Amino acid sequence: MPAASEHNKSAQDNTPFAIRNYTPEQLREVLHKMHLIRKFEEGAEDAYLRGFIHGTMHLSIGQEASALGICMPLTEADQITSTHRGHGHCIAKGAQVDRMFAEFFGKTSGYCKGRGGSMHIADVSKGNLGANGIVAGGIPIATGAALSAKMQKNGKVVVCFFGDGANNEGAFHESLNMAAIWKLPVVFVCENNGYGMSTSSARSTAVANIADRAAGYAMPGVVVDGNDFSAVAEASSQAVDRARRGEGPTLIESKTYRHRGHSKSDRNRYRTKEEIDDWKTNRDPISKFEAELMQFGVIDQAGIAAVITAVDAEIAAGIAFAQASEAPATTEVLSFVYSEQN
Amino acid sequence: MDTQPRQLSYSQAIHEAMAIALESDPNVFLMGEDIGVYGGAFQVTGDLVERFGADRVIDMPISELGGAGVAVGAALTGMKPIFEFQFSDFATLAMEQIVNQAAKMRYMLGGDVSVPLVMRFPAGSGTGAAAQHSQSLEAWLAHVPGLKVLQPATPHDAKGLLLAAVADPDPVMIFEHKLLYKMKGDVPEGYYTVPIGKARIAREGRDVTIVATSIMVHKSLEAAVALEAEGINVEVIDLRCIRPIDHATVIASVKKTHRLICVYEAVKAFGMGAEISAMIAESDAFDYLDAPIVRLGGSDSPIPYNPDLEKAAVPQVNDIITSARALVQGKR
Amino acid sequence: MAIEVILPKVDMDMSTGRISKWLVADGAEVKKGDPLFEIETDKAAMEVESPGSGKLGQISAKEGDEVPIGQVIAYIFATGETATDVVQSKPFAPFVEGTAIAASVALVETSMVSPSSDIRATPLARRLAKEKGIELLSVKGSGPQGRVLSADVEALVDKPVPPVNKVAVPIASDTPIENTSVLVPHDNMRKVIARRLTESKSTVPHFYMSADCRLDALLKLRADLNKAAPVKDGTPTYKLSINDMVIKAWALALRDVPAANVSWTDAAMLHHAHADIGVAVSIEGGLITPIIRSAETKSLSAISGEMKDLATRAKTRKLKSEEYNGGSSAISNLGMFGVKDFAAIINPPHATILAVGSGDQRPIVENGVVVAATVMTVTLSTDHRAVDGALGAEVLSAFKRYIENPIAMLV
């Protein structure tokens, strides 16, 4: 078992980046969070199906490694902007599941005090500037946050998550161009899960890889297997380091897959059951990561079972907290519209 | 502080306000198209790039949507951007960031953030710039909770409201009429603010209340002088801010004069006049009305190019005189 | 523990779902992900997959059933599990309809229609009229299309118009309407006449007395005076009518008997300083009574000129409200229509009204001899609360004296 002291200096060339660079404790924590994201979303889905959650939600089940790998090199002070499929980003950046459930249940103890719900989940104290209901809506905002970091010289890096659908919005082009000309400390992360709602990347996007578009903004473009935590963490580390050095932005394309439909009203008519089953069975990021950890002796079956037991307890406690929390008073509908109305 | 009045133009007053803001707060910066060495399309930023440097007076690419979003993101993370649109018409390109992001961010996140953003919009007709460079779109933004929308009519208010906007924790949209940029007026030196959401009684009167915005304040005052010669005594309220609206001042005035005319350059339908009229009809001032409420606004057309047509498309002094006279004489 | 099969929420605004088809029979073995049943929503039919593997049992919702979302409709049992392993679903309430419940506001609309609701009046005029107790129906609007403005109401404020109670005048809904008949909606004037006269006749105790007046001297004086009228630009400067002289005579009679020149109010008797005589003028659609103010002080030619002007403007409805509101008494003259005599209804606040018939040649007995004379019958209506019989007789005989000795009107 590689000890922490060997960190970053493995003799074996084929040892994954993550194993080389992170301690077993860190890696077990990553596994814990992978399960936490998945069980959180499954729990949210169950609560939704039972009618406890209003509106809709967009699940990222199958994309956990991407969220965690990208956030791995970030400090708590670094910032992210997220998307409508943002539960994983939120947990990866350090949010608590109890306050997330409370938000989904529309309670005052939720992160947005019941005003935002799933689509606007955020934890500003941990540097998550918020999920966004508008495709590409967060891209200019992340760029602006990076401009702040540069002007304030505070050393922060901003990660901007968006999906494959967003790369065809004008805001993508305008923002990547500005980030590049001003050398802003921002990492653009396109989580390409293959479909913008029902339209596949092949049908919507002229280039084979979205990362190819980086050339148009004179920034590095990196394609990575989004279901391979280690690969994602490696690409993110390089991009974050580059940003922190003041060399400007990077575009990472993290290729992944969502097991669930686009939203709760999706009837999955645009992809086959075989395709979905293949990703679930053969390319699941959690199974892959567990196998890797076991291969390098970071954890064993009993250890994994213990992680799952702990996560189940955390999820159950989170749901109980959300149920027990207060709903906002209808008289407070105007709170938070303006600063003086708090 | 020296507050000796002296004469400055409206654009000089804005320029001075921005200079004061840049001097007093290192987090304030300017962003816009051609606001650097060019000095801005209407020469409002002028020499500020020389005084404060290109890092704080940022020439951005022609990217209204992205640029607006950058300003939102910067405001969200501790900066205080003053964003200049080259023409208010180009706000249409940036509506996503203004309406979905800047206005709602604080609410969606349950009060955890604020967006101290100022946006400036050169607006209005009269320059022969035709349909895509002459609009008055302030009511679009006034329809969005979370924004504040200002329309200073004088150099004094242009400076004081801009400084108030910079100090405000929420996104503030300032519509500046292009024809006012050269207008001169008393402007105190140094730092002062004009309260956001407080109307100004530009002229006291007893027979009819005219609620006006921006350049229409001046047209209404001109009409008031002509009407005075006929024995009609007009009260002119410069609304200054259409979100939030100073209901109390308008209601008190209507209760006094019993008659109301709303004058604004934007298309009449669904505009400031509709809001003020409905507000009065809902208020206790309703029972004090002695005549129907009149709205004078822009015609139901794009702004035309031909100069006579262009004038015909927005209220003029004579329209105000005719309406006020008919109203006071009980002929309407 | 058995796995619950619930009716899932599959649409944003869904509170119930209809099971259109079960795809698996009760008791069959299913695998996680197998389609179990179909739900119909208003958009589409949707298959619901099995939440677990095992034997499907305890199906509690049939095809066609409408089921609330979240309700358990079956269980999946693992090997060895039985119905006793079923636990009740979690006891918290679904989000549907919101956890934050707003009090619903009932809009209560009153259907009371005030009698003045169909009058055009500004909000300020309405408010003032209400405050001053002035019936809007009685106010003539000077604004566009007769809209009552605040000034119209204010003009009435100083006048002694007592507050009047609202009187509804409904059209009986069972009034038979002939095919050839038409319903003409009431205009304001008709409503005012109806309301005021109904009120007067039903609340004022009317008392009537008649007198015959010889007109021969008056007719001669009138002819002489008209003949003597100065001519200006080819036309005489005045042309007195009998009515002008009746006005003057009645005004002088009231001056001579001031106790009759009064108005009744609940608190006190209002004694008028002058004889302000309302003269009924018939106009299209009704009548109006413009007032000759201080008629006792005015010359016949002045009364004549004023009366012509008022009558002309009355017919075109151009009178100002102060020209027809108030007054201390009134005259109604139907003599020109050949009416011999009639009794008029008092127009409050007046206490009297003089009804004037036609001047006809009638045989009269003079000094025991029957002679022909021109005679006019007048009938005085008095408000008995204000003017008693003897007082009425006194003012009526004063009037008769002036008519029969008209030269006294000139001094």
Exercise. Which residue, of B:P195, B:P171, B:P155, is in contact with a Gly (Cβ under 6 Å, 6 or more places away or on another chain), in contact (Cβ under 8 Å) with a residue 24 or more places away in the chain and closer than 30 Å to B:S114 by Cβ?
Worked result: B:P155
For this session: Test C:A228 against the criterion of being loosely packed, with under 12 Cβ neighbours inside 10 Å and modelled with pLDDT under 90, and give yes or no.
Result: yes
Problem set entry | Filtered residues of segment B:31-78 (kept if within 20 Å of the chain's Cα centre (by Cα) and outside any helix (DSSP H, G or I)) | B:M31, B:G32, B:G40, B:A41, B:F42, B:Q43, B:V44, B:T45
Exercise. Given (1) in a helix (DSSP H, G or I); (2) of a type outside the set (G, A, S); (3) in contact (Cβ under 8 Å) with a residue 12 or more places away in the chain, where does A:D46 come up short, assuming only one miss?
Worked result: (3)
For this session: Using the structure shown, decide if C:G64 is under 60 Å from the mean Cα position of the chain (by Cα) and not acidic (D, E).
Result: yes
Exercise. Can you find a residue in segment A:197-213 that is in contact with a Gly (Cβ under 9 Å, 6 or more places away or on another chain), among the acidic types (D, E), under 18 Å from A:S82 (Cα atoms) and more than 9 Å from every other protein chain (Cβ to nearest Cβ)?
Worked result: no
Problem set entry | Residue in segment B:7-19 that is under 21 Å from the mean Cα position of the chain (by Cα), away from chain A (no Cβ under 14 Å) and either over 21 Å from B:K182 (Cα atoms) or in a loop (DSSP other than H, G, I, E, B) (or both) present | no
Exercise. Got a number for residues in segment B:79-103 being more than 9 Å from chain A (Cβ to nearest Cβ), assigned to a helix (DSSP H, G or I) and of a type in the set (A, V, I, L, M)?
Worked result: 6
For this session: Being farther than 20 Å from C:K400 by Cβ and over 32 Å from the mean Cα position of the chain (by Cα) narrows it down to one of C:T297, C:T312, C:T289, C:T316, so name that one.
Result: C:T297
Problem set entry | Qualifying residues in segment A:45-102 (those that are among the polar types (S, T, N, Q) and under 24 Å from A:G114 (Cα atoms)) - the one surrounded by the most Cβ atoms within 10 Å (Cβ to Cβ) | A:T81
For this session: Select from segment A:124-145 the residues that are without any contact (Cβ under 8 Å) to a residue 40 or more places away in the chain and surrounded by fewer than 24 Cβ atoms within 10 Å (Cβ to Cβ) and write down the one among them that is nearest to B:D112 (Cα to Cα).
Result: A:V124
Exercise. Say we look at segment B:177-212 and pick out the residues that are touching a Lys or Arg at 6+ places or on another chain (Cβ under 8 Å) and among the hydroxyl-bearing types (S, T, Y); which of these is surrounded by the fewest Cβ atoms within 10 Å (Cβ to Cβ)?
Worked result: B:Y192
For this session: Mind listing whichever residues of segment A:27-58 are out of contact with any Leu (no Cβ under 9 Å at 6 or more places or on another chain) and away from chain C (no Cβ under 14 Å)?
Result: A:E29, A:H32, A:H35, A:L36, A:R38, A:K39, A:F40
Exercise. Filter segment B:269-293 for residues that are among the hydrophobic types (A, V, I, L, M, F, W, C) and within 13 Å of another protein chain (Cβ to nearest Cβ); which is nearest to C:R147 (Cα to Cα)?
Worked result: B:A291
Problem set entry | Qualifying residues in segment C:254-285 (those that are outside any strand (DSSP E or B) and of a type in the set (V, I, T)) - the one farthest from C:R385 (Cα to Cα) | C:V257
For this session: Determine if segment B:104-116 includes at least one residue that is touching a residue at least 40 places away in the same chain (Cβ under 8 Å), outside any loop (DSSP other than H, G, I, E, B) and either away from chain A (no Cβ under 14 Å) or surrounded by fewer than 24 Cβ atoms within 10 Å (Cβ to Cβ) (or both).
Result: no
Exercise. Identify, please: which residue in segment A:103-123 is surrounded by fewer than 24 Cβ atoms within 10 Å (Cβ to Cβ) and among the polar types (S, T, N, Q) and is, among those, nearest to the other protein chains (Cβ to nearest Cβ)?
Worked result: A:T108
Exercise. If you take the residues in segment C:1-51 that are in contact with a helix residue (DSSP H, G or I) (Cβ under 7 Å, 6 or more places away or on another chain) and assigned to a loop (DSSP other than H, G, I, E, B), which one is farthest from the other protein chains (Cβ to nearest Cβ)?
Worked result: C:A2
Problem set entry | Filter result for the condition that a residue is within 28 Å of C:A194 (Cβ to Cβ), among the polar types (S, T, N, Q) and buried (at least 16 other Cβ atoms within 10 Å of the Cβ), over C:T289, C:T265 | C:T289
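Rundown of residues vs (1) away from chain B (no Cβ under 14 Å); (2) outside any loop (DSSP other than H, G, I, E, B); (3) modelled with pLDDT of 95 or more, yes/no style:
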position: A:A239; (1), (2), (3): yes, yes, yes
position: A:A243; (1), (2), (3): yes, yes, yes
position: A:Y257; (1), (2), (3): yes, no, yes
position: A:H262; (1), (2), (3): yes, no, no
position: A:I299; (1), (2), (3): yes, no, yes
position: A:I319; (1), (2), (3): yes, yes, yes
position: A:A322; (1), (2), (3): yes, yes, yes
position: A:T331; (1), (2), (3): yes, yes, no
position: A:E340; (1), (2), (3): no, yes, no
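Yes/no matrix, rows are residues, columns are (1) out of contact with any helix residue (DSSP H, G or I) (no Cβ under 9 Å at 6 or more places or on another chain); (2) of a type in the set (D, E); (3) modelled with pLDDT of 90 or more:
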{"site": "C:E322", "(1), (2), (3)": "no, yes, no"}
{"site": "C:N325", "(1), (2), (3)": "no, no, no"}
{"site": "C:S332", "(1), (2), (3)": "yes, no, yes"}
{"site": "C:M336", "(1), (2), (3)": "no, no, no"}
{"site": "C:I364", "(1), (2), (3)": "yes, no, no"}
{"site": "C:H384", "(1), (2), (3)": "no, no, yes"}
{"site": "C:S397", "(1), (2), (3)": "no, no, yes"}
{"site": "C:E404", "(1), (2), (3)": "no, yes, yes"}
Problem set entry | Single condition B:L163 does not satisfy, out of (1) in contact with a helix residue (DSSP H, G or I) (Cβ under 6 Å, 6 or more places away or on another chain); (2) more than 14 Å from chain A (Cβ to nearest Cβ); (3) surrounded by fewer than 24 Cβ atoms within 10 Å (Cβ to Cβ); (4) in a loop (DSSP other than H, G, I, E, B) | (4)
Seminar exercise, completed: Condition set among the charged types (D, E, K, R) and surrounded by fewer than 19 Cβ atoms within 10 Å (Cβ to Cβ), scope segment C:373-411, selection nearest to the chain's Cα centre (by Cα): answer is C:R385
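Every residue, every condition in (1) surrounded by fewer than 19 Cβ atoms within 10 Å (Cβ to Cβ); (2) among the charged types (D, E, K, R); (3) touching a residue at least 12 places away in the same chain (Cβ under 8 Å), yes or no:
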| position | (1), (2), (3) |
| --- | --- |
| B:P5 | yes, no, yes |
| B:L8 | no, no, yes |
| B:E16 | no, yes, yes |
| B:L22 | no, no, yes |
| B:P26 | yes, no, no |
| B:F29 | no, no, yes |
| B:D34 | yes, yes, yes |
| B:G39 | yes, no, no |
| B:V44 | no, no, yes |
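The values are calculated or read from the model by the stated rules, or taken from the named source; none is laboratory data. Just so it is clear, the structure is predicted and the values come from calculations on it, not from any experiment. Reconstructed Cβ throughout: ideal geometry from the backbone, glycine too, with neighbour counts over all protein chains shown.
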